[in-house]
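Encoded as structure tokens, the structure appears first; notes follow it.
The values are calculated or read from the model by the stated rules, or taken from the named source; none is laboratory data. Remember, it's a predicted structure, so these values are computed and weren't measured experimentally. The protein model used for the area step is the full one, side chains on, heavy atoms only, and it has no ligands, DNA or RNA in it. Shrake-Rupley method; radii C 1.70, N 1.55, O 1.52, S 1.80 Å.
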Amino acid sequence: KYITDYRLHDIWVLEELNGKKVSITDFQRELPRIEIHAAENRFMGFGGCNSISGSIFYEKDLLRFSNMISTLMACAPGNKEDEFTKALQSTTTYTVGNNRLTLSNPSGKLLVFKKVD
């Protein structure tokens, strides 16, 4: 059993989605964010329209977001929440540095978050 990287334990707000900077207009009221609780291997947050939560699986340099659940509010047309949650669920690796959390998979960089607390 691996001890999850303590640097993940924080509140992170989305800056980039699939290689593009995001803005508030890509979502409804606010930018997506995730709050990672490293000791419990859990995360919670906001997908851009709905609240989300789930589990994280950590092993060496591997990081997966799984068992994701979400509230079921209808999202405005053009809201990128689906794109965000799909990217989160396809994450396999991460890097932390310069107050940023970058999530990637073999296809490339998926998400970049900024530390906010």
Hey, any idea what % of the chain's accessible area is carbon plus sulfur with a 1.4 Å probe?
53
Grab the eigenvalues of the alpha-carbon gyration tensor for the chain, scale each by 5, take roots, and send me the semi-axes largest first in whole angstrom.
22, 15, 13
Using each residue's phi in the stretch 54-64, evaluate 6.51 cos²θ - 1.76 cosθ + 1.60 at θ = phi - 60° and report the 3J(HN,Hα) Karplus result to the nearest Hz, with x for Gly and Pro.
x, 10, 10, 10, 10, 7, 6, 9, 8, 9, 10
Diffusion coefficient, µm² s⁻¹, Stokes-Einstein with Kirkwood Rh over alpha-carbon pairs of the stretch 51-117 at 25 °C and 0.890 mPa s
188
How large is the accessible surface per residue of the chain, computed with a 1.4 Å probe and reported in Å² as a whole number?
56
